[in-house]
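Here is the structure we will look at.
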Amino acid sequence: MDISNWTRKSLLGIEELSHNEITQILELAKLFKKETEGDMSNKNYLRGKRMVNLFMEPSTRTRIAFEVAAKSLHADVISVAEQSSSLTKGETLRDTAMNIQALGADAIVLRHSSPGASLFLSKIVDVPIINAGDGAHEHPSQALLDLYTLQDKLGTVEGKKITILGDILFSRVARSNFWALSKMGAEVTLAGPSTLVPKQFESMGARVSHNLEEALQDADAVMLLRIQHERQSSSHFPSLAEYTKVFGLNKDRKQWLKKGALILHPGPVNRGVELDSELADSPQSVILDQVSNGIAVRMAILYLCTMQGATNL
Ligand code: CP
């Protein structure tokens, strides 16, 4: 595989990536996934590199997966949470990042509540910035692991119909997935209540649907999203129970899905709200595959951004 022409230092979003760059990441992830099934003790690809996970919002999957990915490639990893950093003493994000760089970081993986926080830091420090979620803007590594999982299960996403259902308006996962899937040739439907899925999304090239049956019936895969209360200042529907009644995916509504349609969710799942346990734990669900694939995808991201074409694979 030729990754010698990879030049991108930071991964800030999917919108800016080309089809070729997405393919390079996924191909490298495939190679790493295969390698992790064997002995990794001599795979010193990132030995001597120091990765700092700077997470200003809660995370289980993304933080751990980046940590496991870096350690699998023998990088040193330091994880910093907001509560245990000097940000609580009034230090700015800029100064925090400058200090982390002065302490010898080779890359910073940043999760932050502000859209554009990763772009902002990428213009301040010299080391690669990997966006691990910036407000409602983008969550590129999530979309790449979702794409990896879909390609693994469907062979290709080109020409496939993928429905993303739920709180689209406040979802960075929806935005990154929309860009990733449409760049790779999938037909994307964004579905949910009109207050959370405004018609304006059609101008990006998505199909918008406020009718659950219609949104599910021809989908090859459906990706559920939770309601992101942390980013909503007011309620966008009468009650959570009302939302579940109209848009929750349960075993009765499973009949609206095509036979074998895949069920995805980036997590954390709010069981019984957007998705019932019978479906979350069913053979159609690839939710835990998404999580596992996230390690290899993040290995590829860390490798490409820190090595930039200087391959030692
Ligand atoms: N999907 C995702 O970003 O999960 P975490 O918030 O647990 O990292």
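The values are calculated or read from the model by the stated rules, or taken from the named source; none is laboratory data. Worth saying up front: this structure is predicted, and the values here are computed from it rather than measured. Glycine gets a Cβ as well: all are built from the backbone with ideal geometry, and neighbour counts include every protein chain shown. Calculation scope for accessible area: heavy atoms of the full protein, side chains included, ligands and nucleic acids excluded. Shrake-Rupley method; radii C 1.70, N 1.55, O 1.52, S 1.80 Å.
Going by the structure shown, is Ser209 among the small types (Gly, Ala, Ser) and open to solvent by 10 Å² or more (accessible area, probe 1.4 Å)?
Working: among the small types (Gly, Ala, Ser): yes; open to solvent by 10 Å² or more (accessible area, probe 1.4 Å): no.
Answer is no for this residue.
From Ala174, Ala219, which residue is aliphatic (A, V, I, L, M), more than 16 Å from the ligand (Cβ to nearest atom) and modelled with pLDDT of 95 or more? Working first, answer last.
Details: Ala174 fails: more than 16 Å from the ligand (Cβ to nearest atom).
So the residue among Ala174, Ala219 that is aliphatic (A, V, I, L, M), more than 16 Å from the ligand (Cβ to nearest atom) and modelled with pLDDT of 95 or more is Ala219.
Answer yes or no: is there a residue in segment 140-154 that is of a type outside the set (Lys, Arg) and in a loop (DSSP other than H, G, I, E, B). Don't jump to the end; show me each part of the working.
So the first thing to find is which residues in segment 140-154 are of a type outside the set (Lys, Arg), and the list is 140-152, 154.
The next check asks that each one be in a loop (DSSP other than H, G, I, E, B); those that pass are none.
For segment 140-154, residues of a type outside the set (Lys, Arg) and in a loop (DSSP other than H, G, I, E, B): absent.
Can you tell me how many residues within segment 222-271 are within 15 Å of the ligand (Cβ to nearest atom) and in a loop (DSSP other than H, G, I, E, B)?
The total comes to 10.
Out of the residues in segment 80-96 meeting the condition of being surrounded by fewer than 16 Cβ atoms within 10 Å (Cβ to Cβ) and among the small types (Gly, Ala, Ser), tell me which one is modelled with the lowest pLDDT. I'd like the intermediate steps shown before the answer.
Quick first cut of segment 80-96, residues surrounded by fewer than 16 Cβ atoms within 10 Å (Cβ to Cβ) only: 83-84, 86, 88-92, 94-95.
Okay, now just the ones that are also among the small types (Gly, Ala, Ser), so 84, 86, 90.
Working: Ser84: 88, Ser86: 93, Gly90: 94.
Across segment 80-96, the extreme among qualifying residues is Ser84.
Where residues in segment 99-117 are within 13 Å of the ligand (Cβ to nearest atom) and under 21 Å from Leu304 (Cβ atoms), which of them is surrounded by the most Cβ atoms within 10 Å (Cβ to Cβ)?
In this case the residue turns out to be Val109.
Looking at segment 157-185, which of its residues are of a type in the set (S, T, N, Q) and either without any contact (Cβ under 8 Å) to a residue 24 or more places away in the chain or open to solvent by less than 10 Å² (accessible area, probe 1.4 Å) (or both)?
Start the filter on segment 157-185 by keeping residues that are of a type in the set (S, T, N, Q), which leaves 163, 171, 176-177, 182.
Passing the criteria: Thr163, Ser171, Ser176, Asn177.
Out of segment 28-69, which residues are away from the ligand (no atom under 15 Å from the Cβ) and assigned to a helix (DSSP H, G or I)?
Step one: list which residues in segment 28-69 are away from the ligand (no atom under 15 Å from the Cβ), which gives 28-52.
Of everything in segment 28-69, those that are away from the ligand (no atom under 15 Å from the Cβ) and assigned to a helix (DSSP H, G or I) turn out to be Leu28, Ala29, Lys30, Leu31, Phe32, Lys33, Lys34, Glu35, Thr36.
Sort out which residues of segment 70-79 are assigned to a helix (DSSP H, G or I) and open to solvent by less than 70 Å² (accessible area, probe 1.4 Å), and write them in order of number. Spell out how you get there, then give the answer.
Filtering segment 70-79 for residues assigned to a helix (DSSP H, G or I) gives 70-72.
Across segment 70-79, the qualifying residues are Ala70, Ser72.
State the number of residues belonging to segment 1-40 that are open to solvent by 40 Å² or more (accessible area, probe 1.4 Å) and farther than 20 Å from Ser292 by Cβ.
Of the residues in that region, 13 qualify.
Hey, Arg271 hits all of (1) surrounded by fewer than 17 Cβ atoms within 10 Å (Cβ to Cβ); (2) in the same structural domain as Ser59 (by TED's automatic domain parsing) but one; which does it fall short on?
Here Arg271 meets the rest and fails (2).
Farther than 24 Å from Lys258 by Cβ, under 17 Å from the mean Cα position of the chain (by Cα) and polar (S, T, N, Q) - does that describe any residue in segment 226-235?
So far as segment 226-235 goes, yes, one or more of its residues are farther than 24 Å from Lys258 by Cβ, under 17 Å from the mean Cα position of the chain (by Cα) and polar (S, T, N, Q).
Name, by its number, the condition in (1) over 20 Å from Glu138 (Cβ atoms); (2) more than 16 Å from the ligand (Cβ to nearest atom) that does not hold for Ser79.
Just one mismatch for Ser79, condition (2).
Which residue, of Ala186, Ala180, Ala191, is within 12 Å of the chain's Cα centre (by Cα) and not charged (D, E, K, R)?
Details: Ala186 fails: within 12 Å of the chain's Cα centre (by Cα); Ala191 fails: within 12 Å of the chain's Cα centre (by Cα).
Testing whether each residue is within 12 Å of the chain's Cα centre (by Cα) and not charged (D, E, K, R) leaves just Ala180.
Kindly indicate the residue of segment 118-138 that is within 16 Å of the ligand (Cβ to nearest atom) and open to solvent by less than 10 Å² (accessible area, probe 1.4 Å) and also farthest from Leu302 (Cα to Cα) among those meeting that condition. Full working, then the answer.
Of segment 118-138, the ones within 16 Å of the ligand (Cβ to nearest atom) are 118, 130-138.
From what's left, open to solvent by less than 10 Å² (accessible area, probe 1.4 Å): 118, 130-135, 138.
Numbers: Ser118: 15, Ile130: 8, Asn131: 11, Ala132: 12, Gly133: 15, Asp134: 18, Gly135: 21, Glu138: 17 Å.
By that ranking, first place goes to Gly135.
Please tell me if Thr306 is part of a helix (DSSP H, G or I) and hydroxyl-bearing (Ser, Thr, Tyr). If you could, list the steps in order and put the result at the bottom.
Details: part of a helix (DSSP H, G or I): yes; hydroxyl-bearing (Ser, Thr, Tyr): yes.
Yes: the conditions hold for Thr306.
Taking Leu257 and the conditions (1) within 21 Å of Val269 (Cα to Cα); (2) open to solvent by 70 Å² or more (accessible area, probe 1.4 Å), which numbered condition does it fall short on, given that it satisfies the others?
For Leu257, the exception is condition (2).
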